[in-house]
Amino acid sequence: MESLQSLSLLMGGSWASGINMYMTAAGLGVAHRMGWVTLPGDSSVLAHPLIIGLAVLLYGVEFFADKIPYVDSAWDTVHTFIRPVGGAALGYMAMAEAGPMLQVPVAMLTGSVALDSHLTKATSRAAINTSPEPVTNSVASVTEDVSVLGALYLIIRHPVVVTILVILFILFSIWFFKKMFRFLKRVLKGEKPAPPVAENANAT
């Protein structure tokens, strides 16, 4: 059961880091301090009060930046170099007791999962910003925050479920990237394509 919990932590935690690294870090740290979950290896450093406080502060900044059109995309661009590193660090620290031979491949795996969820978030936000109304950004941001909270809950209560969902998300993202990159390519060319959903409906 302990190994299963660790797997769900690595998969769910790295996926959530790609969406909102600061909420994930604070959530895992609080969960460890409350005894809801045991963070493996050196990842228990997330439970330090200073780390939790800093994560909460940065989440507060992201909470507002993530709801402003174009500011959210600029924020995502900067975090292309931060969220995957955060996911990789989570895997590396979690496997501290296993040594570098296992730490490095696990860090590469968790970093890749974080990168996948980050790119899915970033490309969907870029597509949303092609619409002139600002409401969709706020709705998308709140939905992402809720999904991170849901992932943290599943890590604690239903580790098998979160692991399966992350695997399914990765498979979905492959299809999603093809649709979104095609859509954004048309936008950059100055065309006015229909939203991807409408595009799919026409194709059927």
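Of the numbered conditions (1) of a type outside the set (Lys, Arg); (2) part of a helix (DSSP H, G or I); (3) more than 14 Å from the chain's Cα centre (by Cα); (4) over 18 Å from Ser14 (Cα atoms), Gln103 satisfies every one except a single condition; which is it?
Result: Gln103 fails condition (4) only.
Name the one entry in Leu188, Leu171, Leu165, Leu184 that is buried (at least 16 other Cβ atoms within 10 Å of the Cβ) and either more than 22 Å from the chain's Cα centre (by Cα) or at pLDDT 90 or above (or both).
So the residue among Leu188, Leu171, Leu165, Leu184 that is buried (at least 16 other Cβ atoms within 10 Å of the Cβ) and either more than 22 Å from the chain's Cα centre (by Cα) or at pLDDT 90 or above (or both) is Leu165.
Answer with yes or no whether Ser14 is touching a residue at least 24 places away in the same chain (Cβ under 8 Å), of a type outside the set (Lys, Arg), surrounded by 23 or more Cβ atoms within 10 Å (Cβ to Cβ) and in a helix (DSSP H, G or I). Talk me through it step by step, then tell me what you get.
Values: touching a residue at least 24 places away in the same chain (Cβ under 8 Å): yes; of a type outside the set (Lys, Arg): yes; surrounded by 23 or more Cβ atoms within 10 Å (Cβ to Cβ): yes; in a helix (DSSP H, G or I): yes.
Yes, satisfied.
Which of the residues spanning segment 157-176 are over 11 Å from Gly13 (Cα atoms) and touching a Phe, Trp or Tyr at 6+ places or on another chain (Cβ under 9 Å)?
Listed by number, the residues that qualify are Arg157, Leu165, Phe169, Ile170.
Any idea which of Ser14, Ser73 is over 14 Å from the mean Cα position of the chain (by Cα), under 21 Å from Ser173 (Cα atoms) and small (Gly, Ala, Ser)? Don't jump to the end; show me each part of the working.
On the way: Ser14 fails: over 14 Å from the mean Cα position of the chain (by Cα).
The conditions single out Ser73.
Scan (1) assigned to a loop (DSSP other than H, G, I, E, B); (2) in contact (Cβ under 8 Å) with a residue 60 or more places away in the chain for the single condition Phe169 breaks and write down its number.
The number of the failed condition is (1).
Give me the residue from segment 90-100 that is touching a helix residue (DSSP H, G or I) at 6+ places or on another chain (Cβ under 7 Å) and part of a helix (DSSP H, G or I) and, out of that set, nearest to Ile19 (Cα to Cα). It would help to see each step written out before you state the result.
Keep residues of segment 90-100 that are touching a helix residue (DSSP H, G or I) at 6+ places or on another chain (Cβ under 7 Å), which gives 90-97.
Now restrict to residues that are part of a helix (DSSP H, G or I): 90-94, 96-97.
Working: Leu90: 14, Gly91: 16, Tyr92: 19, Met93: 20, Ala94: 20, Ala96: 24, Glu97: 27 Å.
Taking the candidates together, the pick is Leu90.
Evaluate segment 63-75: report whether one residue or more is surrounded by 14 or more Cβ atoms within 10 Å (Cβ to Cβ) and either more than 15 Å from Ser124 (Cα to Cα) or in contact with a strand residue (DSSP E or B) (Cβ under 9 Å, 6 or more places away or on another chain) (or both).
Let us first name the residues in segment 63-75 that are surrounded by 14 or more Cβ atoms within 10 Å (Cβ to Cβ), namely 63, 65-69, 71-73, 75.
Going one step further and asking which of them are either more than 15 Å from Ser124 (Cα to Cα) or in contact with a strand residue (DSSP E or B) (Cβ under 9 Å, 6 or more places away or on another chain) (or both), we end up with 63, 65.
Scanning segment 63-75 turns up at least one residue that is surrounded by 14 or more Cβ atoms within 10 Å (Cβ to Cβ) and either more than 15 Å from Ser124 (Cα to Cα) or in contact with a strand residue (DSSP E or B) (Cβ under 9 Å, 6 or more places away or on another chain) (or both).
List pairs: first in segment 74-85 and closer than 18 Å to Leu109 by Cβ, second in a helix (DSSP H, G or I), Cβ under 6 Å, 6+ apart or cross-chain?
Between residues of segment 74-85 that are closer than 18 Å to Leu109 by Cβ and residues that are in a helix (DSSP H, G or I), the close pairs are Arg83/Ser17; Arg83/Gly18; Arg83/Met21; Arg83/Ala114; Arg83/His118; Pro84/Gly111; Pro84/Ala114; Pro84/Leu115.
For segment 40-62, how many residues are in a helix (DSSP H, G or I), over 17 Å from the mean Cα position of the chain (by Cα) and of a type outside the set (A, V, I, L, M)?
Looking only at that region, the number is 6.
The values are calculated or read from the model by the stated rules, or taken from the named source; none is laboratory data. A quick note: this is a predicted structure, and the numbers were derived from the prediction, not measured. Every residue, glycine among them, receives a Cβ derived from its backbone with ideal geometry; neighbour counts consider all protein chains shown.
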